[in-house]
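The block underneath contains the structure these notes are about, expressed in structure tokens.
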Protein chains: 2
Amino acid sequence: MHELISFTRGVPPTEAFPTAALAEALAASVTRDPAVVLQYGQQQGYPPLRALLAERHGVRADEILVGNGSLQLQDLVASVLVRPGDTVLTEQPSYDRAIATFRRRGARVIGIPLGDDGLDLTRFAAEVARQTPAFVYLVPDFQNPAGITTSAAHRRAIVALAEQHGFWVIEDVPYRSLRYRGTAEPQLRELGDSRVITMTSFSKLLSPGLRVGYMIAPAALITRVTREGENQYLSPVLPTQAAVAELLRQGLLDDTIAALLTLYRPRWQAMLQALDQTLPGVPHSTPDGGFFVSLTLPPDANSADLVGRARAAGLLLTDGRAFFAEPLADTTPAGERFVRLPFCAVTPEQIAEGVRRLATLL
Amino acid sequence: MHELISFTRGVPPTEAFPTAALAEALAASVTRDPAVVLQYGQQQGYPPLRALLAERHGVRADEILVGNGSLQLQDLVASVLVRPGDTVLTEQPSYDRAIATFRRRGARVIGIPLGDDGLDLTRFAAEVARQTPAFVYLVPDFQNPAGITTSAAHRRAIVALAEQHGFWVIEDVPYRSLRYRGTAEPQLRELGDSRVITMTSFSKLLSPGLRVGYMIAPAALITRVTREGENQYLSPVLPTQAAVAELLRQGLLDDTIAALLTLYRPRWQAMLQALDQTLPGVPHSTPDGGFFVSLTLPPDANSADLVGRARAAGLLLTDGRAFFAEPLADTTPAGERFVRLPFCAVTPEQIAEGVRRLATLL
């Protein structure tokens with residue numbers, strides 16, 4: 001049988017990892033600072049890494065918590081912020097594991113439809129006026145799963161509503177440095193930081209196996225989330241954090257990002273081109289960076305058991321329904337017609353063949 | 001002012017860490033296996049480490065979960081096993097963070113008085129007959145905080161009661177390899193493994209900063225706990241697990257344990273000797289290994305604000321009350337008179353001076 005092609009998870013390819021640099025950095029950081037790196041403590045993360053990240057983001061070190069990956073930080077934040085009866089708002093569609101995490105910690109998770117400029121502002125404003133949410137969760141840059149970037153105007157409006165009503169905004173920005181064209185929109189925290197929690201990780205920039213993620217937020221909230229983390233796991237894993245600090249110190253993070261852009265840009269181009277050529281009648285998102293393009297099949301397309309039929313044709317897809325939270329009362333989510341297409345871990349040839357297989361199914 | 005002496009946490013001294021070997025192992029393991037060590041996945045832990053541990057313990061790899069430290073595994077197990085209204089039993093006193101963790105996950109935590117051979121079997125049998133607990137949590141070797149080792153007869157009786165009533169037994173054994181005299185009692189799992197969860201970690205043998213802990217349990221339970229971990233943190237940190245595998249493969253773990261015994265044995269002797277000489281009227285535990293000696297002050301000793309008065313005298317102690325769960329109805333816990341004395345991170349000279357300071361306070 002022909003080669004399986006996987007358009008499933010947002011996983012970097014092995015060749016994207018700076019393996020030699022990481023191996024050296026791990027050894028160097030343990031050798032340099034064993035009394036801290038190998039010991040208990042540092043519940044808020046490895047102090048030199050926090051200092052380097054604080055400098056990079058123009059914040060104070062006590063506004064930064066480094067943990068074992070950003071999903072865990074999302075879990076800790078939800079544990080701290082969600083009270084029984086609370087709602088959490090997300091873009092619709094949104095990151096499937098984030099939706100599941102907020103639900104597990106007791107939130108009712110409601111999705112606000114996502115347009116080309118970000119979530120639907122009118123509906124969002126009405127929803128937060130109706131009930132103040134614990135927080136809204138956004139992936140504003142090259143969104144997972146849709147590939148949409150939230151416009152500056154939308155960002156401003158969201159931050160203003162958060163300050164007015166007193167809810168938190170999580171901006172999850174793991175893809176932000178992976179921009180293939182155009183210029184960056186301002187981060188939400190630059191537009192007003194009193195209600196913004198920034199989360200990101202090195203999973204898409206260095207390696208997922210390191211599980212190094214961090215959050216930036218007002219110091220009082222960082223203290224509460226740090227305590228919840230200490231209760232759950234005592235302190236985060238430190239040698240991997242120290243290795244990231246070592247790479248930052250040597251300027252190797254920016255070199256690695258430059259290499260990733262060179263690796264991923266042709267794949268991104270191949271995906272957009274394949275969709276335009278092979279599926280011209282199906283509108284798709286046109287991201288300026290990140291890992292994902294998405295499309296929503298027309299209502300008359302054959303979307304029944306798409307994942308099963310794709311697998312039989314040698315194409316692995318994720319069921320689109322996983323990305324959808326509870327819809328607003330007046331909206332109908334198109335989960336079964338939503339297709340996420342990650343392009344970073346597949347070659348341009350695999351992308352062209354995968355899209356061809358997809359086209360045969362519709 | 002004279003040097004502060006700390007008899008607080010069970011922390012290894014920096015000189016106990018095999019720093020050079022760990023630095024080399026981290027680099028080697030990442031270089032050898034980047035496609036696994038640096039990637040997503042392996043929710044159950046790094047497969048070669050699980051295989052090595054399975055061989056060491058005579059179990060199957062699917063009976064092992066390696067996570068980010070054993071406190072986190074305790075948290076995950078409690079999340080999976082505790083239902084509203086459940087009780088969890090512990091030795092009285094017990095590990096303070098375990099008590100707090102089980103409470104946070106909804107359990108009523110009840111302490112069964114600990115004698116020289118382990119917990120009070122008569123009271124334990126009566127309590128499990130009254131209400132079947134979700135599990136009982138034990139530190140059977142050189143207990144934290146008391147320094148007691150549970151006898152073989154007690155172990156057999158506890159396993160038999162667990163099988164009879166259908167509750168789980170957690171045996172937490174991080175100190176088990178650190179035996180300074182005598183021969184080991186059988187592990188509870190050797191006496192019947194259908195109801196036993198073994199937990200341990202490399203924090204006391206290699207380094208706490210690695211946060212590598214693991215549990216052994218029936219495969220069906222491992223599957224449930226692994227899924228809870230995946231929900232919370234996606235997958236554990238892998239380079240540190242791979243480094244531990246590297247050390248095991250090279251036989252360096254056993255070398256490190258031998259070096260620790262050489263380092264800790266004189267400290268253990270110094271602590272027992274100092275107590276016998278300086279506090280002859282106060283009975284203390286006489287552990288055969290581990291990190292802790294403990295004593296319970298006589299009722300007529302001056303125990304009021306002991307921690308505060310000790311600090312003023314240059315001696316750091318942990319408040320004994322932290323180690324006590326809810327008592328059985330007919331018992332009165334002596335938390336304010338209980339003193340835990342960790343001896344591994346202090347020199348024989350510091351131990352002698354610390355015990356002298358303690359004696360002046362009573």
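Reported count of residues in region A:49-72, each being in contact (Cβ under 8 Å) with a residue 40 or more places away in the chain and either in contact with a Ser or Thr (Cβ under 8 Å, 6 or more places away or on another chain) or surrounded by fewer than 21 Cβ atoms within 10 Å (Cβ to Cβ) (or both), is 10. Contact map, region A:98-115: first residue more than 17 Å from residue A:77 (Cβ to Cβ), second residue modelled with pLDDT under 95 and surrounded by fewer than 17 Cβ atoms within 10 Å (Cβ to Cβ), Cβ cut-off under 7 Å, separation 6 or more or different chains; pairs are A:113/A:331. With respect to the conditions (1) buried (at least 24 other Cβ atoms within 10 Å of the Cβ); (2) touching a residue at least 60 places away in the same chain (Cβ under 8 Å); (3) within 14 Å of another protein chain (Cβ to nearest Cβ), residue A:141 lacks only one, and its number is (3).
Tell me which of these residue B:242 doesn't satisfy, since it passes every other one: (1) more than 24 Å from the chain's Cα centre (by Cα); (2) among the small types (Gly, Ala, Ser); (3) assigned by TED's automatic domain parsing to the domain that holds residue B:53. So the condition that residue B:242 fails would be (1).
Just one of (1) out of contact with any strand residue (DSSP E or B) (no Cβ under 8 Å at 6 or more places or on another chain); (2) under 22 Å from residue A:356 (Cα atoms) fails for residue A:272. It is (1). Cβ separations smaller than 7 Å between residues 6+ apart or across chains give the following pairs from region B:206-225 residues that are at pLDDT 95 or above to residues that are in a strand (DSSP E or B) and among the hydroxyl-bearing types (Ser, Thr, Tyr): B:212/B:201; B:213/B:200; B:213/B:201; B:214/B:200; B:215/B:198; B:216/B:198.
Picking from residues in region A:6-41 that are free of Cβ contacts under 8 Å to residues at least 12 places away in the same chain and among the hydrophobic types (A, V, I, L, M, F, W, C), the one that is farthest from residue A:259 (Cα to Cα) is A:35.
Taking the stated definitions as given, is residue A:78 within 27 Å of residue A:257 (Cα to Cα), assigned to a helix (DSSP H, G or I) and more than 8 Å from chain B (Cβ to nearest Cβ)? Steps first, please.
On the way: within 27 Å of residue A:257 (Cα to Cα): no; assigned to a helix (DSSP H, G or I): yes; more than 8 Å from chain B (Cβ to nearest Cβ): yes.
No: the conditions fail for residue A:78.
Does region B:262-275 contain at least one residue that is out of contact with any His (no Cβ under 6 Å at 6 or more places or on another chain), under 30 Å from residue B:46 (Cβ atoms) and aromatic (Phe, Trp, Tyr)? For region B:262-275, residues out of contact with any His (no Cβ under 6 Å at 6 or more places or on another chain), under 30 Å from residue B:46 (Cβ atoms) and aromatic (Phe, Trp, Tyr): present.
How many residues are assigned to a loop (DSSP other than H, G, I, E, B), closer than 29 Å to residue B:14 by Cβ and within 11 Å of another protein chain (Cβ to nearest Cβ) if we restrict to region A:1-54? If you could, list the steps in order and put the result at the bottom.
Within region A:1-54, the first condition is being assigned to a loop (DSSP other than H, G, I, E, B), and the residues that meet it are A:1-4, A:8-13, A:17-18, A:33, A:38-46.
Retained after the next criterion (residues that are closer than 29 Å to residue B:14 by Cβ): A:33, A:38-46.
Still in the running and within 11 Å of another protein chain (Cβ to nearest Cβ): A:33, A:38-42, A:46.
Residues that pass the stated criteria total 7.
Is it true that some residue in region A:105-125 is within 21 Å of residue A:231 (Cα to Cα), in contact with a helix residue (DSSP H, G or I) (Cβ under 6 Å, 6 or more places away or on another chain), of a type in the set (Lys, Arg) and surrounded by fewer than 24 Cβ atoms within 10 Å (Cβ to Cβ)? Within region A:105-125, one or more residues are within 21 Å of residue A:231 (Cα to Cα), in contact with a helix residue (DSSP H, G or I) (Cβ under 6 Å, 6 or more places away or on another chain), of a type in the set (Lys, Arg) and surrounded by fewer than 24 Cβ atoms within 10 Å (Cβ to Cβ). Scanning region B:24-46 for residues that are within 26 Å of the chain's Cα centre (by Cα) and either surrounded by 19 or more Cβ atoms within 10 Å (Cβ to Cβ) or at pLDDT below 95 (or both), which turns out farthest from residue A:240 (Cα to Cα)? It comes out as B:44. Can you name the residue in region B:88-111 that is among the charged types (D, E, K, R) and over 17 Å from the mean Cα position of the chain (by Cα) and, of all such residues, is nearest to the other protein chains (Cβ to nearest Cβ)? Only one residue tops the list, namely B:104. Could you check, for region B:304-315, whether at least one of its residues is surrounded by fewer than 15 Cβ atoms within 10 Å (Cβ to Cβ) and charged (D, E, K, R)? Yes: one or more hits. Scanning region A:211-231 for residues being within 11 Å of another protein chain (Cβ to nearest Cβ) and under 23 Å from the mean Cα position of the chain (by Cα) gives a total of 5. Scanning region B:59-87 for residues that are within 17 Å of the chain's Cα centre (by Cα) and either of a type outside the set (A, V, I, L, M, F, W, C) or more than 20 Å from residue B:42 (Cα to Cα) (or both) yields B:67, B:68, B:69, B:70, B:72, B:74, B:75, B:78. If you go through region A:81-98 and keep only what is surrounded by fewer than 24 Cβ atoms within 10 Å (Cβ to Cβ) and assigned to a helix (DSSP H, G or I), you end up with A:81, A:96, A:97.
The values are calculated or read from the model by the stated rules, or taken from the named source; none is laboratory data. Predicted model only: the values in this text are computed from it and were never measured. Cβ sites come from the backbone with ideal geometry, for glycine too, and all protein chains shown count toward neighbours.
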